[in-house]
Amino acid sequence: MIPMATLALAMSLSSCVGDLDNAENPKDPNISTEYKAVGEYNKCYANLALPGNGGANGDSDLDGYDGGTAGFIRQMWNANELSTDEAICNWGDPGVAEFVYNTFGASHPMTAMYYYRLTTGITYCNDYLLNAADYDKTMTAEIRFIRALHYFYLMDAFGNIPFSLTTVEKPRQATRKEVYDLLEKELLEIEPDLLEAKALTSDQPGYGRANKAADWMLLARLYLNAEVYTGTAQWQKAADYAKKVMDSDFQLNTTPTGRWSAYQKLFMGDNGESSAAKEIIFPIKADGLTTTSYGGSFFVIASTFDGKMHADKENPDATNGTTGNWAGNRARPDLIAKFFPAGNAPQVPSYEMTAKASDDRAIFWGADRSLDNATQSTFTDGYGVAKFLNFHSDGTRTRDAQFPDMDYPLMRAAEAYLMYAEAQAHLNGGTATGNAAKAINALRERANNPNLKTAYTLDEICDEWSREFYFEGMRRNTLIRFNKFGGNNNYNWTWKGGAKSGRNFAATRNIYAIPDKDLSANTNLKQNPGY
């Protein structure tokens, strides 16, 4: 069922992603059980960051798929951004247009890459737990978390999925409700054995490892989407677990450095070393020398720039801090309208746009650009997104390098603030007031947005999700939860459903199709409705 190119090799590795600051070295490297345990533990993490065992220009874990294209971040991002009101891409790669126009089907190559990256990662985790569960209690809890994370993304994207906590060799198909229940049970069980919820920088042991705060965050995500996944809302549980994160050692970064805002620092090459690290709960680590990939954080940096953009006003000869200017992904006008609702976004560089928007989060490049996506195929039809950079906020690295140091912030504390506000709004008749409104105001205050309110409607909260988290791989999930994705909801955006002005598409497309070849390989599976 699953392309499994390198499992045997992975089991012999001592480390696939440096040492990830995540495990003691075996006391005796000749003891094969310890050697395998540490190596495969690292491999479970590495599946999120690297295409295979050889870095950007090495092999791919997925047979038949190029590693640069089939990386977790790249395909998670494509599935959750290109299909929404935030992002559009001008590339002709197979599958891009189907995302942009919401016409994806069972033979869609990019959702297949995403599916196999996730199921392969689950395989690594299951193998570790089968062979090394007794090696270290905390490491075992972490791998159970990593497996739950993979299953969460798989269930969110594909609905009723192949599920097994022992193997993925032709597993049975579980309903979303069954997966939800099992994930909740797993995450509650492992919490006591995980590392404490302590914010760390990259030079401290434990940075990048799953901890209690990551566990609470994933539980909060599960509960926030419970109505979508099971038909029964769990708003109180979502608020409770979001509040646990808010009250933890992880806090919003509110410390600017020089010309870099506190918000911008979250997405820079030293975000694991600067004050930004106190907000990033679960980073997918990157290092421009030792952990390189075209499908990781490099993708979100390089794909959003062309050679004419330069995000650092004091360094106009450099673009984004890497040598990558791939000119692919840019904003739909509907995203820009979240910051400029009157349609008056100026044609200025990104470092001037934030002041024009009165919001540090509006990091868009409008110089020599058209606001409108007149065509999919022209990169300058649409404002550029200059949010992700490899520059270091302390100025230690100002020239372009081939690969970035920017750790991808898969979970950050700001998410808990919006989860808390949204859940409380549902519990309060559809409006966030009191502490829930204060949570949203905290995000706006951090962004130097003066528009603070005492109450926020659910529609306003949906827009705030976009302002805070655009291009971070969360929009599809958010729109579905607010009933603004598939179905007859008449929430339209440019090129939605393949029409320039936007049109509804079937609610069955709220989940993706299980790849055709997996249906052929595993007769236990049935295709999702509508495909």
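The values are calculated or read from the model by the stated rules, or taken from the named source; none is laboratory data. This structure is a prediction, so every number in the text was calculated from the model and none was measured. Ideal geometry is used to build each Cβ from the backbone, glycine not excepted, and the neighbour counts take in all protein chains shown. With ligands, DNA and RNA removed, areas are computed over all heavy atoms of the protein, side chains included. Shrake-Rupley method; radii C 1.70, N 1.55, O 1.52, S 1.80 Å.
By the gyration tensor of its Cα atoms, with a ≥ b ≥ c the square roots of the eigenvalues, what is the shape of the stretch 64-198: rounded for a/c under 1.5, prolate for a/b over b/c, or oblate? Each step should come with its number before you reach the end.
Values: a/c = 2.03, a/b = 1.94, b/c = 1.05.
Prolate.
Under 5 Å between amide H atoms, partner at least 5 residues away or on a different chain: which partners does residue 322 have, H built in plane at 1.01 Å?
When sequence neighbours closer than 5 places are left aside, the close amide H contacts are 390, 401.
Rg and Dmax of the stretch 227-310, Cα atoms, in Å?
17.2, 49
What list of ³J(HN,Hα) couplings, whole Hz, do you get for the stretch 266-274 from phi and the Karplus terms 6.51, -1.76, 1.60, once you set θ to phi - 60° and write x for glycine and proline?
Working through the residues one at a time gives 5, 10, 10, x, 10, 5, x, 10, 8 Hz.
Might you report the magnitude of the Cβ-based charge dipole of the stretch 440-485 about its Cα centre, with Lys and Arg at +1 and Asp and Glu at -1, to the nearest 20 debye?
On the way: 8 positive and 7 negative charges, 24 e Å.
Once rounded to the nearest 20, the dipole reads 120 debye.
Stretched out fully, how many nm does the piece from residue 203 to residue 523 gain, at 0.36 nm a residue minus the Cα gap?
Details: separation 320, 0.36 × 320 = 115.20 nm, distance 4.80 nm.
Between residue 203 and residue 523, full extension yields 110.4 nm more.
Along Cα→Cβ, 7 Å out, is where each label goes; now give me the distance between the ones at residue 427 and residue 170 in nm to one decimal.
Taking the simple label geometry, residue 427 and residue 170 are separated by 4.7 nm.
Given an 8 Å cut-off on Cα distances and at least 6 residues of separation, report the relative contact order of the stretch 374-496 as a percent.
Working: 84 pairs, mean separation 17.6, N = 123.
Relative contact order of the stretch 374-496: 14 percent.
Rounded to the nearest angstrom and ordered from largest down, what semi-axes does the equivalent ellipsoid of the stretch 373-453 get from its C-alpha gyration tensor (root of 5λ)? Present the calculation step by step, with values, prior to reporting the outcome.
Working: eigenvalues 224, 81, 34 Å².
Semi-axes from the Cα gyration tensor: 33, 20, 13 Å.
Using alpha carbons only, how many angstrom separate the centre of the stretch 95-166 from the centre of the stretch 363-402?
Using only Cα atoms to place each centre, the spacing works out to 31 Å.
Starting from the alpha-carbon convex hull of the chain, give the projected area averaged over all orientations, in nm². It would help to have the intermediate numbers written out before the result.
Details: hull surface 86.0 nm².
That works out to 21.5 nm².
To the nearest 10 square angstrom, what accessible area does residue 107 show with a 1.4 Å probe?
Approximately 100 Å² for this residue.
Taking θ as phi - 60°, what are the ³J(HN,Hα) couplings along the stretch 470-483 by the Karplus curve (6.51, -1.76, 1.60), each to the nearest whole Hz, with x for Gly and Pro?
Karplus-based 3J(HN,Hα) across the stretch 470-483 equals 4, 6, 10, x, 10, 6, 4, 4, 5, 4, 5, 4, 8, 6 Hz.
For residue 131 and residue 249, what is the calculated FRET efficiency with R₀ set at 35 Å and r taken between the beta-carbons, to the nearest 0.05? Show your work: numbers first, answer last.
Values: r = 33 Å, r/R0 = 0.96.
The computed FRET efficiency comes out at 0.55.
Quick one: go through the stretch 364-395 and flag any residue whose amide nitrogen is under 14 Å from the point 7 Å out along the Cα-to-Cβ line of residue 348.
364-368
Sequence-distant or interchain residues sharing an amide H contact under 5 Å with residue 174, placed H: which?
When sequence neighbours closer than 5 places are left aside, the close amide H contacts are 161, 163.
Find how much the distance from residue 182 to residue 358 grows on full extension, using 0.36 nm per residue of separation minus their present alpha carbon separation; answer in nm with one decimal. Before the final figure, lay out the partial values.
On the way: separation 176, 0.36 × 176 = 63.36 nm, distance 4.41 nm.
Computed gain between residue 182 and residue 358 is 58.9 nm.
Rounded, prolate or oblate: pick one for the stretch 391-505, where a ≥ b ≥ c are the square roots of the eigenvalues of its C-alpha gyration tensor, a/c under 1.5 means rounded, and failing that, prolate if a/b is larger than b/c, else oblate. Let's see the in-between values first.
On the way: a/c = 2.41, a/b = 1.23, b/c = 1.96.
Since a/c reaches 1.5 but b/c is at least a/b, the shape of the stretch 391-505 is classed as oblate.
Relative contact order, percent, of the chain when contacts are C-alpha pairs under 8 Å separated by at least 6 residues?
Working: 1126 pairs, mean separation 98.7, N = 531.
The normalised contact order for the chain reaches 19 percent.
Over the chain, what percent of the accessible surface lies on carbon and sulfur atoms, probe 1.4 Å? Walk me through the numbers on the way to the answer.
Working: 8610 of 17960 Å².
Ligands and nucleic acids excluded, carbon and sulfur reach 48 percent.
Assigning unit charges at the beta carbon (Lys, Arg +1; Asp, Glu -1) and nothing else, what dipole magnitude in debye, to the nearest 20, does the chain show about its Cα centre? Could the numbers behind the result be given before it?
On the way: 51 positive and 65 negative charges, 287 e Å.
The dipole of the chain has a size of about 1380 debye.
Treat each spin label as a single point 7 Å out from the Cα along the C-beta direction, and report the residue 483 to residue 308 distance in nm.
Output for this residue pair reads 4.3 nm.
Suppose accessible area is computed on protein heavy atoms with a 1.4 Å probe; arrange 119, 138, 323 from highest to lowest.
The most accessible residue leads, giving 323, 138, 119.
Accessible area per residue, 1.4 Å probe, Å², for the chain: what's the number? Walk me through the numbers before you get to the answer.
On the way: 17960 Å² over 531 residues.
About 34 Å² of surface per residue is accessible.
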